[in-house]
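Written below as structure tokens is the structure these notes are about.
Nothing in this text is a laboratory measurement; each read-out follows from the coordinates by a stated rule. This one's a predicted model, so the numbers in the text were calculated from it and none came from an experiment. So basically every Cβ, Gly included, is an ideal-geometry build from the backbone, and we count neighbours across all protein chains shown.
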Amino acid sequence: MRKPEDHTCVVPLQPHSHQLSYVASNADSLEEADENPACTPLVIRAHGEPVGFAMYALDEEDGNYWVYRLMIDARFQGMGYGRAALSRIIQKLAELPDCSCIVLGVKPENERARRLYENAGF
């Protein structure tokens, strides 16, 4: 997702206003990815249309792959795109030879995300 057009298509995507404190903005995440080559940003698409953003990275300190971001735009929440994206990210990371553990963080008050992650086995 290092193409400029990918950056342009995910920057405007946002969760619901009450969810803004749960995840960094896509613009900030892309800036972080530009500064840290270990970060892999991803456009989440449905039928060719961008519906969300995700980012993962290998943390050299703990040796784990971290899913740092998973955000579905407010207009597309509740349609299974987050679940499908998380499943594909897990599958992709599990195929990497140096991946022995996949970790993610979630704010305790983000109940919807907690359910998603718990249902995925976290």
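Structural remarks
- The range 33-95: GluC sites (Glu not before Pro) in DSSP coil with no more than 11 other Cβ atoms inside 10 Å: Glu60, Glu61, Glu95
- For His16, His47, order by how many other beta-carbon atoms lie within 10 Å, fewest first: His47, His16
- Computed on the range 4-119, with alpha-carbon pairs under 8 angstrom and 6+ residues apart, the relative contact order is 22 percent.
- Inter-site label distance for Asp6 and Glu111 at 7 Å from Cα along Cβ, in nm: 3.5 nm
- Figure legend: label point modelled 7 angstrom from the Cα of Glu32 along Cα→Cβ; residues of the range 93-116 with amide N under 13 Å from it are 104-107.
- Here Asn64 and His18 are evaluated by their C-beta separation; at R0 = 22 Å the FRET efficiency comes out at 0.15.
- Across all C-alpha atoms in the chain, the radius of gyration and Dmax reach 13.7, 39 Å.
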